[in-house]
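Asker: One structure follows; several queries about it will come next.
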Amino acid sequence: MRIDSILKERRTLSFEVFPPKQEHDQDLSGIRRTLSALTAVSPDFVSVTYGAGGQNRPRALDIAEIVLSLAMTPLSHLTAVGYTQKDTERVTDALSGLGVENVLALRGDVPAEMKFPQDPWVDFRYALDLAEFIAPKRFCLGGAAYPEKHPESPDAAWDVEVMLRKERKGVSFFITQLFFDNAVFFKFRDKCREAGLRAPIIAGIMPIFKAQQIRRIVEISGCSVPEKLETILDRYGGNDAAMENAGSDYAASQITELWNGGVEGIHLYTMNKSRQVLDIVARSGLRR
């Protein structure tokens, strides 16, 4: 089903999974179990990412097929980096052949250690270029949003302008990067609406299960850590079980506040941890 059609009917709950390393899950039975468990809360869609620089593309296609086999709606990631137009044609043809109707068009990052046979930006410099190329293929297109500004943008207003351009090129919904301060999201959403953006903005939530992992993600993404969360990290960071419990509570509270504030969707970055994520959904009360 097309995600833009779902969003016209209701607010959404969705998940993101990623292809596990082949040595850890050679036959994808592990990720199949994860996805099977997630069906318990009837997610509106499941996004399927892959490694930086386009690594694991074939496994990402396999996982999209598993999502379909479990009667769920897949959202397949596609990046500008490392792709030529011919590559993109092949991948979108393969997605169409599987029955995938939704694509998240992203710029992607170039890993420092990766070597490409050509310039990694040879055909698509930005996600906007990729979205424009894919749009005539009649996929439902999603795009990324940055509540705290893209690291390479001159300012937040520029990010909103880029979103407006993407919307004009056919992007029909946006999913945000992770954030831990809901006030930041609501302020960002208001700016988008004031600028004339009409597409739904789905909030991307990253659960906190280990303090060290989150601190590394924060360092890379540049997102802010509110005082309440900093206190939790300091208090429970040395105890994995306590950190997981406190982090799950924090994510559930975030989700509840966002939902009560009228958010158009919640997208949980699962890190392929179905048990913990289902617990967060239960704590938030979104699926009773």
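Asker: Under 9 Å between Cβ atoms, which residue pairs at least 6 apart in sequence (or on different chains) link something in the range 266-288 that is within 16 Å of Val48 (Cβ to Cβ) with a partner that is assigned to a strand (DSSP E or B) and charged (D, E, K, R)?
Answerer: These pairs meet every condition: His267/Glu16; Leu268/Glu16; Tyr269/Glu16; Thr270/Glu16; Met271/Glu16.
Asker: Here is a follow-up. Based on this model, can you work out whether Lys149 counts as surrounded by fewer than 19 Cβ atoms within 10 Å (Cβ to Cβ) and out of contact with any Pro (no Cβ under 7 Å at 6 or more places or on another chain)? Can you show your working first?
Answerer: Details: surrounded by fewer than 19 Cβ atoms within 10 Å (Cβ to Cβ): yes; out of contact with any Pro (no Cβ under 7 Å at 6 or more places or on another chain): yes.
Criteria met by Lys149.
Asker: Now for a separate question. Which ranges mark the helices (runs of 4 or more DSSP H) fully within the range 1-97 that have 1 or more residues being basic (Lys, Arg) and under 23 Å from Asp109 (Cα atoms)? Don't jump to the end; show me each part of the working.
Answerer: Working: elements: 3-9, 29-38, 57-69.
It comes to 57-69.
Asker: From the list Leu13, Leu70, which residue is touching a Leu at 6+ places or on another chain (Cβ under 7 Å), closer than 17 Å to Ile202 by Cα and either surrounded by fewer than 16 Cβ atoms within 10 Å (Cβ to Cβ) or modelled with pLDDT of 95 or more (or both)? Let's see the steps before the verdict.
Answerer: Working: Leu70 fails: closer than 17 Å to Ile202 by Cα.
The unique qualifying residue is Leu13.
Asker: Further, regarding this structure: If you scan the range 130-172, which residues turn out to be aromatic (Phe, Trp, Tyr) and farther than 16 Å from Gly196 by Cβ?
Answerer: So in the range 130-172, the residues aromatic (Phe, Trp, Tyr) come out as 133, 139, 146, 158.
Matches in the range 130-172: Phe133, Phe139, Tyr146.
Asker: On to the next question. Quick check: anything in the range 231-242 out of contact with any helix residue (DSSP H, G or I) (no Cβ under 7 Å at 6 or more places or on another chain), under 30 Å from Glu167 (Cα atoms) and surrounded by fewer than 21 Cβ atoms within 10 Å (Cβ to Cβ)? Step through it out loud before you land on a result.
Answerer: Just the residues of the range 231-242 that are out of contact with any helix residue (DSSP H, G or I) (no Cβ under 7 Å at 6 or more places or on another chain), to begin with: 231, 234-235, 238-241.
With under 30 Å from Glu167 (Cα atoms) added as a condition, the list becomes none.
So far as the range 231-242 goes, no, none of its residues is out of contact with any helix residue (DSSP H, G or I) (no Cβ under 7 Å at 6 or more places or on another chain), under 30 Å from Glu167 (Cα atoms) and surrounded by fewer than 21 Cβ atoms within 10 Å (Cβ to Cβ).
Asker: Going through Tyr250, Tyr269, Tyr236 one at a time, which residue ends up being of a type in the set (Phe, Trp, Tyr) and over 26 Å from Arg11 (Cα atoms)?
Answerer: Tyr236
Asker: Another question, then. Within the range 202-233, how many residues turn out to be more than 30 Å from Lys8 (Cα to Cα), of a type in the set (Gly, Ala, Ser) and within 19 Å of the chain's Cα centre (by Cα)?
Answerer: Residues in the range 202-233 being more than 30 Å from Lys8 (Cα to Cα), of a type in the set (Gly, Ala, Ser) and within 19 Å of the chain's Cα centre (by Cα): 3 in total.
Asker: Related question: Within the range 147-190, how many residues turn out to be without any contact (Cβ under 8 Å) to a residue 40 or more places away in the chain and among the aromatic types (Phe, Trp, Tyr)?
Answerer: Total meeting the criteria: 2.
Asker: While we're on this one: If you take the residues of the range 73-84 that are more than 25 Å from Ser5 (Cα to Cα) and in contact with a helix residue (DSSP H, G or I) (Cβ under 7 Å, 6 or more places away or on another chain), which of them is modelled with the highest pLDDT?
Answerer: Restricting attention to the range 73-84, the residues satisfying the condition of being more than 25 Å from Ser5 (Cα to Cα) are 80-84.
Right, trim to in contact with a helix residue (DSSP H, G or I) (Cβ under 7 Å, 6 or more places away or on another chain) and you get 80-83.
Details: Ala80: 88, Val81: 84, Gly82: 76, Tyr83: 82.
This residue is Ala80.
Asker: When only residues in the range 16-60 that are over 15 Å from Tyr269 (Cα atoms) and among the polar types (S, T, N, Q) count, which is surrounded by the most Cβ atoms within 10 Å (Cβ to Cβ)?
Answerer: Looking at residues that are over 15 Å from Tyr269 (Cα atoms) and among the polar types (S, T, N, Q), I get Asn56.
Asker: May I pose another question? Which of the residues spanning the range 6-18 are out of contact with any Gly (no Cβ under 6 Å at 6 or more places or on another chain) and in contact (Cβ under 8 Å) with a residue 60 or more places away in the chain? Show your work before the answer.
Answerer: Start the filter on the range 6-18 by keeping residues that are out of contact with any Gly (no Cβ under 6 Å at 6 or more places or on another chain), which leaves 6-10, 13-18.
Selection gives Ile6, Leu7, Leu13, Ser14, Phe15, Glu16, Val17, Phe18.
Asker: Can you confirm whether the range 191-204 contains a residue that is touching a residue at least 60 places away in the same chain (Cβ under 8 Å), of a type outside the set (Phe, Trp, Tyr) and surrounded by fewer than 19 Cβ atoms within 10 Å (Cβ to Cβ)? Walk me through it before giving the result.
Answerer: Step one: list which residues in the range 191-204 are touching a residue at least 60 places away in the same chain (Cβ under 8 Å), which gives 200-204.
From the residues that got through so far, the ones that are of a type outside the set (Phe, Trp, Tyr) too are 200-204.
Among the residues that remain, those that are also surrounded by fewer than 19 Cβ atoms within 10 Å (Cβ to Cβ) are: none.
There is no residue in the range 191-204 that is touching a residue at least 60 places away in the same chain (Cβ under 8 Å), of a type outside the set (Phe, Trp, Tyr) and surrounded by fewer than 19 Cβ atoms within 10 Å (Cβ to Cβ).
The values are calculated or read from the model by the stated rules, or taken from the named source; none is laboratory data. Small disclaimer: the values here were computed from a predicted structure and weren't measured. When we count neighbours, we look across all protein chains shown, and the Cβ atoms used for this are built from the backbone with ideal geometry, even at glycine.
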